[in-house]
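The values are calculated or read from the model by the stated rules, or taken from the named source; none is laboratory data. Just so it is clear, the model here is predicted, and its values are computed rather than measured. Because the Cβ atoms are built from the backbone with ideal geometry, glycine has one as well, and the counts that use them run over all protein chains shown. Remember, those area values only see protein heavy atoms, side chains included, never the ligands or the DNA or RNA. Shrake-Rupley method; radii C 1.70, N 1.55, O 1.52, S 1.80 Å.
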Amino acid sequence: MKVKTTIVALVACTIIGVHYSTLRAQSSRSVWDGVYTEEQAKQGQGLYNEKCSSCHGDTLMGGESAPALAGGEFLSNWNGLTLGDLFERIRTTMPQNRPGSVARPANAQILAYMLSANQFPAGKTELSQQTEVLKEIKIDAQKPNPK
Amino acid sequence: MHQSSIQRPAISFLAGVAAAVALIWITPASGQTRAKSDEWPSYNADLAGSRYRPLDQINASNFGKLEVAWRFKTDSIGNRPEYKLEGTPLMVNGVVYATAGSRRAAVALDAGTGELLWVHGEHEGERGASAPRQLSGRGLAYWTDGKEERIFYITPGFRLIGLDAKTGALIPSFGKGGVVDLKLDDDQTISAWNDKGEWVPDLVHGEIGIQSAPVVAKDTILVGAAFREGMTPKSMRNNKGFARGFDARTGKRLWIFHTIPMKGEYGYDTWENGSADYTGNTGVWSQITVDEQLGLVYLPVESPTGDYYGGHRPGNNLFGESLVAVDLKTGQRKWHYQLVHHPLWDMDISSAPLLADINVDGKPVKAVAVPTKQGFLYVFDRVTGKPVWPIEERPVEKGNVPGEWYSPTQPFPTKPPAYSRNGVTPDVLIDFTPELHDQALTNVSKFKIGPVFTPPAESNVNGPYSTLTLGTAAGGTNWPGGSYDPETHNVYVFACNACLVPIGVVPAPKEVSDMKYVMGMAGQKVQIARGPGENAGADSPRASRAPAAPAAPPPAAERGPNIYALLGVKGLPLIKPPYGTISAINLDKGEILWQAAHGDTPDSIRNNPALKGLNIPKTGQSDYNVGTLVTKTLVIAGDGQITTTPEHPRGAMLRAYDKSTGQQVGAVWMPAPQTGSPMTYMLNGKQYIIVAVSGGAYSGEYIAFSLPGAE
């Protein structure tokens, strides 16, 4: 009985440990880790041109009353926050003429396009449309040194 | 005519007992004559526009030790958070009053703790949703006759609200049940275009509103008007932005001043072909200043309809972009001075006039000084309107946009010198290295450039794409204006020194406008310019989330040249630093005493590989939301951008400068940039500074700072 309990406890610890390390790995992900696909960014470009470019410019460089969505000032402003923060800002307040009218999958595609325009690498996994998942991906303006 | 669609009754409740009146003050004869130096009873501290309080508990020795005393998050004041909080609160009798949230409600907070005492919001339905100036606005006005205390503010839907300052309840005897409909009694019928393309009376959709705070002087509430962004107007016809005075007791209209003269009135002939009859806008959207002793109101008037094209309004267009002094009791014009003839650059008059009692060549002068987008500080004798130093009419370049009317001259102040850049010439281009400068010269070669008042270009795909300007729509000094220090006779004012605005016009497509030309880039679809906050207020419907069908990216050839990509070089601004400055300008001499680069060097410049190995002095930041506060010893203003530096984590700094030298003497961290100008007050022996912050992922918040110590 005692042995059995120990085994259960060990298994539980292992499961918790694995889960914990997975969480740790997730929280250390950044925009440099290939967090979107090229296809997603391509779809996002079409949506961007339709929904966003009238204010933010057709190459995301900003316009008369809208900030740039690519480049140094944009990245300075969002550096240290997460893709979840950026996703929520877009999802709930944009586009300005119909805030909240763009669905989550389309917003994720637009965000993927913004990542691509900011020269962050594409990867094999699609960018999530779940805010909580995106909150685990950090926006680092500077490329980290290879370990 | 549609009726005003107030869908739900106003919400108003007493959330707590109003703070105990801890301060003793003498009953004034009428509203606004009180001048307690430890309170902040008006948006700009006082009716003179000073943003000055002679407080010194917070000073150079301790500014860096400031702590957050309390904070007030505005997310729940409306049905969605707001990311553009521009307010400056008031503080009277231990209570802080402010507008807040996407609802633009009025709130009362305990000045010592930030506890919510009451909140009053108005649900305006379609009228609020179609308002040209939504979101929380810049503030409100306080009035007392020694017995009653009232708070006045203006809703997005352009209704003047009168509240009991103690409870937040509507005042039944003011207007109709506490409300004055500002779309009525305006010497015009507020109208809008209907589905058939007819201009018809329409109080719901008729374009007019305001975001600035009303002002109360001697029992008269002063109200201006604002409109949508004017770069791509739907029509040459629009509602007019007349200025008015209302009785603070009853809400009755006392007077009106026609910022566009009516037939037979002075200035009507400065609108050729009867264009005064249909041209609109020309409102007073910035803060109004008052000299109660002289009984004069100083109105800073904006541009007429069509920011960048005036072919439908030939003539000088009085009182567009003029400073107008009118009688406080009657609204009669006493004097005026047009700062820009036939406006074509969206210079407006963007800042509150500053009243200054100065000494010039040994003679006392009651002056008024006006900071502007174009970086000139215009200084007048405020009794007569005569310039304190000569303002010369100088010839300016005539443009060649078909149908446009050009003024052959424009006024140039001879003193003080321009305090920020107001033209684009090769000497203001980036010059960290010769290569960067050469690239900048190549980039601007596709534009028309020149000094202040270089006319807008008709856009051409082969060039010029547009006229590249500084000191126009963005400024220079925009809506936050400056401060005036009555001790030193100095104006302190922030200005953007690198806010580039390309101004090009294209023939207007019929579906966009009945104007001949509107802002645009040749080869590109004309985009309707929208102001910040449009459709973002609490009355705007929350859109249903229909999945959008992906659209194919248009071929590059159809998109035309991307001019914004040319406004930078290798991730660096096209214009050289300093990108933003605070200037101290002495009004006795008409001289700039000092200029300080304001704001951390942006990350994108500090970390830019193209600048590796170079020693770049502090650059300051490009921004147009930065307002200043001046105290006994300090000038205080926050950064307009987020930075992450070796000295501080991700955030923006609230900075203090020695007001006599411009040296930074302290800084305190904030989680987001300053978006509303700081104010200060004393309560129970403790000095507080409140500043509004917001932007990016950070929703609007008022933060109150004070020094650590025993309560």
Exercise. Exactly which GluC sites (Glu not before Pro) in the stretch B:141-231 are in a DSSP loop and have at most 16 other Cβ atoms within 10 Å?
Worked result: B:Glu148, B:Glu198
For this session: Just the Kirkwood number for the stretch B:257-302, please: inverse of mean 1/r across all distinct Cα pairs, in Å, one decimal.
Result: 12.1
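Taking 41 Å as R0, compute the FRET efficiency from the Cβ-Cβ separation of B:Asp514 and B:Asp427 and round it to 0.05. Intermediate values should be presented prior to the final figure.
Values: r = 41 Å, r/R0 = 1.00.
For B:Asp514 and B:Asp427, the calculated efficiency is 0.50.
Looking at the stretch B:39-176, I'd like the Rg to Rh ratio, where Rg is from alpha-carbon atoms and Rh is Kirkwood's inverse mean 1/r.
Details: Rg = 15.8 Å, Rh = 16.0 Å.
Taking Rh as the inverse mean 1/r over Cα pairs, Rg/Rh reads 0.99.
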Exercise. For all pairs of alpha-carbon atoms in the stretch B:147-304, what percent lies in each bin of width 10 Å, listed from the first bin to the last filled one?
Worked result: 10, 38, 34, 14, 3, 0
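Quote the Stokes-Einstein diffusion coefficient, in whole µm² s⁻¹, for the stretch B:647-688, based on the Kirkwood radius over alpha carbon pairs, a temperature of 10 °C and a viscosity of 1.306 mPa s. Don't skip to the end; give the middle numbers.
On the way: Rh = 12.3 Å.
The Stokes-Einstein estimate is 130 µm²/s.
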Seminar exercise, completed: Dividing the surface of the Cα convex hull of the stretch B:333-391 by four yields a projected area in nm² of 4.5
For this session: In vacuum, with every alpha carbon of the stretch B:76-148 counted as one equal point scatterer, what does the Debye formula give for log10 I(q)/I(0) at q = 0.11, 0.20, 0.27, 0.28 Å⁻¹? Two decimals, please.
Result: -0.30, -0.87, -1.30, -1.35
For this session: Quick one: compute the contact order of the stretch B:244-331, relative version, from alpha carbon pairs under 8 angstrom and 6+ residues apart, as a percent.
Result: 34
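Over every pair of different alpha-carbon atoms in the stretch B:219-290, take the mean of 1/r and invert it; report that Kirkwood radius in Å.
On the way: mean 1/r = 0.0740 Å⁻¹.
About 13.5 Å for the stretch B:219-290.
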Seminar exercise, completed: Rounded to whole angstroms and listed largest first, the alpha-carbon spread of the stretch B:231-346 along its three principal axes comes to 42, 27, 26
Exercise. Simple spin-label model, 7 Å along Cα-to-Cβ: A:Gln142 to A:Thr92 in nm?
Worked result: 3.1
Exercise. In the stretch B:131-233, with Lys and Arg counted as +1 and Asp and Glu as -1 at Cβ, which of these residues, B:Gly230, B:Gly178, B:Trp199, has the Cα nearest the positive end of the dipole, that is, farthest along it?
Worked result: B:Gly178
Exercise. Between the stretch B:509-542 and the stretch B:163-228, how many Å separate their Cα centres?
Worked result: 24
For this session: Could you tell me the distance between the Cα centroids of the stretch A:25-58 and the stretch B:380-394, to the nearest Å?
Result: 54
Exercise. Rg and Dmax of the stretch B:594-711 over Cα atoms: what are they, in angstrom?
Worked result: 15.2, 53
For this session: Equivalent ellipsoid semi-axes for the stretch B:414-539, as square roots of 5 times the alpha carbon gyration tensor eigenvalues: give them largest first, rounded to whole Å.
Result: 30, 24, 13
For this session: Based on alpha-carbon positions alone, could you give the equivalent ellipsoid semi-axes of the protein assembly as shown from the gyration tensor, as √(5λ), descending, whole Å?
Result: 41, 34, 29
Exercise. Mind listing the phi-derived Karplus ³J(HN,Hα) values for the stretch B:329-346, rounded to whole Hz, using 6.51, -1.76 and 1.60 with θ = phi - 60°, and x for any glycine or proline?
Worked result: 8, 10, x, 5, 5, 9, 7, 8, 9, 7, 7, 9, 7, 6, x, 9, 10, 6
For this session: For an R0 of 41 angstrom, estimate the FRET efficiency from the Cβ-Cβ distance between B:Lys386 and A:Ser101 and round to the nearest 0.05.
Result: 0.15
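Pull out the extension gain between B:Asp195 and B:Glu647, defined as 0.36 nm times the separation in residues minus the alpha carbon to alpha carbon distance; nm, one decimal. It would help to have the intermediate numbers written out before the result.
On the way: separation 452, 0.36 × 452 = 162.72 nm, distance 5.75 nm.
My answer for the length gained is 157.0 nm.
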Seminar exercise, completed: Over chain B, the sum of -39500 (n - 2.57) across DSSP H runs of at least four, divided by residue number and rounded to 500 deg cm²/dmol, gives at 222 nm -1000 deg cm²/dmol
Exercise. Can you work out the FRET efficiency for the pair B:Ile256 and B:Ala565, with r the C-beta to C-beta distance and R0 = 56 Å, to the nearest 0.05?
Worked result: 0.75
For this session: Would you please state which residues of the stretch B:245-284 a label at B:Lys398 would reach in this model, taking the label point 7 Å out along Cα→Cβ and a backbone N cut-off of under 19 Å?
Result: B:271-273
Problem set entry | Solvent-accessible area of B:Glu404 with every protein chain in place, 1.4 Å probe, in Å² to the nearest 10 | 30
For this session: Please work out, to two decimal places, the log10 of the ratio I(q)/I(0) at q = 0.13, 0.17, 0.18, 0.19 Å⁻¹ from a Debye calculation in which every Cα of the stretch A:60-134 carries one identical scatterer.
Result: -0.38, -0.67, -0.75, -0.84
Problem set entry | Stokes-Einstein diffusion coefficient of chain B, Kirkwood radius over Cα pairs, 20 °C, 1.002 mPa s, in µm²/s | 83
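In Å, the Kirkwood hydrodynamic radius of the stretch B:279-331 over pairs of distinct alpha carbons? Before the final figure, lay out each step's value.
Values: mean 1/r = 0.0825 Å⁻¹.
One over the average 1/r among Cα pairs gives 12.1 Å for the stretch B:279-331.
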Seminar exercise, completed: Under the 7 Å Cα-to-Cβ spin-label approximation, B:Lys632 and B:Lys363 lie apart by a distance in nanometres of 3.6
For this session: Among the trypsin sites (Lys or Arg not before Pro) in the stretch B:470-529, which ones are in a DSSP loop with at most 13 other Cβ atoms within 10 Å of the Cβ? Mind listing them?
Result: B:Lys510
Exercise. Full extension from B:Lys147 to B:Ser76: what is 0.36 nm times the residue separation minus their Cα-Cα distance, to one decimal in nm?
Worked result: 22.3 nm
Exercise. What residues have an amide H closer than 5 Å to that of B:Val518, excluding those fewer than 5 places away on the same chain, when H is modeled at 1.01 Å from N in the peptide plane?
Worked result: B:Val506, B:Ala508
Problem set entry | Translational diffusion coefficient (Stokes-Einstein; Kirkwood radius from C-alpha pairs) of the stretch A:25-76 at 20 °C, 1.002 mPa s, in µm²/s | 171
Exercise. What percent do you get for the relative contact order of chain B when only Cα pairs under 8 Å and 6+ apart count?
Worked result: 15
Exercise. From the backbone phi of the stretch B:418-431, what are the Karplus-calculated ³J(HN,Hα) couplings (6.51 cos²θ - 1.76 cosθ + 1.60, θ = phi - 60°) in whole Hz, Gly and Pro given as x?
Worked result: 4, 9, 8, 5, 9, x, 10, 9, x, 6, 9, 7, 3, 9
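Would you work out the charge dipole size for the protein assembly as shown about its Cα centre, treating the Cβ of every Lys and Arg as +1 and the Cβ of every Asp and Glu as -1, and quote it to the nearest 20 debye?
On the way: 80 positive and 82 negative charges, 315 e Å.
It comes to approximately 1520 debye.
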Exercise. In a Debye calculation with equal point scatterers on the alpha-carbon sites of the stretch B:266-416 and no solvent, what is log10 I(q)/I(0) at q = 0.11, 0.17 Å⁻¹?
Worked result: -0.42, -0.97
